[in-house]
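Readers should treat all values here as calculations from the given coordinates under stated rules, not as data from a laboratory. Note that the coordinates shown come from a computational prediction; the quantities given were computed from them, not determined experimentally. Note: ideal-geometry Cβ built from the backbone for every residue, glycine included; neighbour counts use all protein chains shown.
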Protein chains: 2
Amino acid sequence: MAAQRKLNPLYSMRKTPSQARSKATIDAILSSATRLLLSIGYDKASTNKIADLAGVGIGSLYEYFPGKEAIFAEVRRREDQRLFNLTMERPDPRSIKELVRSHVAVYLEFVRSNLVLHAALINDVPQFAVGQQELPFYREYVPWATEFLHTHKAELRLDGNITQVANFVSHVARATIDNYVLHAPDQLTAPLIEDLLIDLLERFLLEP
Amino acid sequence: MAAQRKLNPLYSMRKTPSQARSKATIDAILSSATRLLLSIGYDKASTNKIADLAGVGIGSLYEYFPGKEAIFAEVRRREDQRLFNLTMERPDPRSIKELVRSHVAVYLEFVRSNLVLHAALINDVPQFAVGQQELPFYREYVPWATEFLHTHKAELRLDGNITQVANFVSHVARATIDNYVLHAPDQLTAPLIEDLLIDLLERFLLEP
DNA sequence: GCATTATACGAGTTATCGCTCGGTTATGGT
DNA sequence: ACCATAACCGAGCGATAACTCGTATAATGC
């Protein structure tokens, strides 16, 4: 019988693993891919090298991933999931001001903890529009933030479409930090960027 | 005698062309590379295909470019130069408010004029830190904006390090628009993003 | 017009790529 | 204990990649 396959043949896994050892194999592949991404970059990280470094047969790799793109899409997805979890572990913000400070801080801490990896994920690994929308940031965080702004709309300066505002603010924060990761990573260790970004967002969202 | 070579062997051109026909060859290569980027993407746009489509021998391609990366770095550099020229052709802004509105508008118009190309340049083509700093945006525009803010510092709300503020604002604007190009290009055609972005920057820079 | 240099060329070399396939080995339910 | 199936394997195939080099042609300076 043919192996079970998921819908999108390019970016999702092929088989759905059921035993513990196959999950370990997948973890080994993803860990190997991450290490190779850091050491030799996306272009040169071939599926053969990934399998070798993982201590896994090349055949096994193709049991679980339809190709190279899918492997790195999964690396990205897991990192994004980790960020989402970190964000949600924070104490519930009691105001928009707290929300902005808390979530800017947690994202900055997140990228600072492994600058090279996040720079590579932003820069080196191609992003495919389809897979992108499946990231927890878009699927879970942005809707969450939208809901939060709705329940705190009394604090808001703007009275237009709150959904669009939430979307906009989420993207500005993420895009700005990502931009510094890429082009000025040294400035991320100083607190200045954090202050500027918080100031920017607060003045946009709140009355002075 | 050996061909003249520039400093960075990876991202710069090899020979410096002197005759008109060689400039035409280079243009044909860059145009071909751009078309292939749009049609088949960075990964599959090999140097052989680029030369073929350009109607140029593969040998000629390697006379002028040390490799694939350098070709696309030059495509990016020329696009960035074009943006800088468009920006500088605008009437001189007479206030920070005018600056923000004018330059946000010109950049939005620029990316809207060829969304697919700019999405590919942001997303698909790897960016190398070294070459990045050589883009007109960093080398010319940011210093220009810094100078502008200095001469209009009376309007500014902040009195801290103006250079860092100019840097920050330039990056926020560019990063945010690039982010929409990638993840929500449809929203770029509506004027809403422009309004939100201008509002964001003005409230950050100016007194209410 | 002649020498020098710039430009153009592309078959061929070497390497690696993504990926298949036929098969072996391990696991777990009954 | 047995067997269905999940997991694992890696030699090898066909394709294509980046890039070289010996050579041919065109432009330029004198």
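Numbers below:
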item: Mean separation of Cα contacts under 8 Å (6+ apart) over length of the stretch A:48-147, as relative contact order %; result: 32 percent
item: Neighbourhood net charge (12 Å Cβ-Cβ; Lys/Arg +1, Asp/Glu -1) for A:LEU149; result: -1
item: Value of relative contact order over chain B, rounded to a whole percent, pairs C-alpha under 8 Å and six or more apart; result: 20 percent
item: Phi to ³J(HN,Hα) by Karplus 6.51 cos²θ - 1.76 cosθ + 1.60 over the stretch A:111-120, Hz, x for Gly, Pro; result: 6, 5, 5, 7, 4, 5, 4, 6, 4, 5
item: Shape category assigned to the stretch B:7-150 from the gyration tensor of Cα positions, a/c cut at 1.5; result: prolate
item: Charge tally in the Cβ shell below 12 Å around B:VAL56, where Lys, Arg are +1 and Asp, Glu are -1, B:VAL56 excluded; result: -1
item: Spin-label model distance (nm) - B:THR151 vs B:THR189, 7 Å beyond Cα toward Cβ; result: 3.9 nm
item: For the stretch A:136-191 versus the stretch B:48-125, the gap between their alpha-carbon centres in whole angstrom; result: 28 Å
item: The stretch B:116-171: projected area of the alpha-carbon convex hull, averaged over directions, in nm²; result: 4.9 nm²
item: Whether the protein assembly as shown is rounded, prolate or oblate, judged on the alpha carbon gyration tensor where a/c under 1.5 counts as rounded; result: oblate
item: Residue exposure sequence - A:ASP92, A:ASP80, A:ASP199 - by fewest surrounding Cβ within 10 Å; result: A:ASP92, A:ASP199, A:ASP80
item: Selected from A:SER46, A:SER170, A:SER18 as most flexible by GNM, with chain A as the system and alpha-carbon contacts under 10 Å; result: A:SER18
item: For chain A, built as a Gaussian network whose Cα springs stay under 10 Å, the top-fluctuating residue of A:GLU89, A:GLU98, A:GLU74; result: A:GLU89
item: Assigned charges on the beta-carbon of Lys, Arg, Asp, Glu; the stretch B:135-208 dipole about Cα centre (debye); result: 240 debye
item: Across the identical copies, how the A:HIS150 labels are spaced - nm, sorted shortest first, 7 Å along Cα→Cβ; result: 4.9
item: Equivalent ellipsoid semi-axes, the stretch A:64-208, via Cα gyration tensor eigenvalues times 5, rooted, Å; result: 27, 18, 13
item: Computed [θ] at 222 nm, helices only, for chain B once each DSSP H run of length n ≥ 4 contributes -39500 (n - 2.57); result: -21000 deg cm²/dmol
item: Farthest toward positive dipole pole in the protein assembly as shown [+1 Lys/Arg, -1 Asp/Glu at C-beta], among A:GLY55, B:LEU30, B:LEU192; result: A:GLY55
item: Local net charge near A:ILE162, Cβ-Cβ under 11 Å (Lys/Arg +1, Asp/Glu -1); result: -1
item: Spin-label pair A:LEU86/A:LEU117, simplified geometry with 7 Å Cα→Cβ offset, distance in nm; result: 0.9 nm
item: Magnitude of the charge dipole, chain A, Cβ model with Lys/Arg +1 and Asp/Glu -1, debye to 20; result: 860 debye
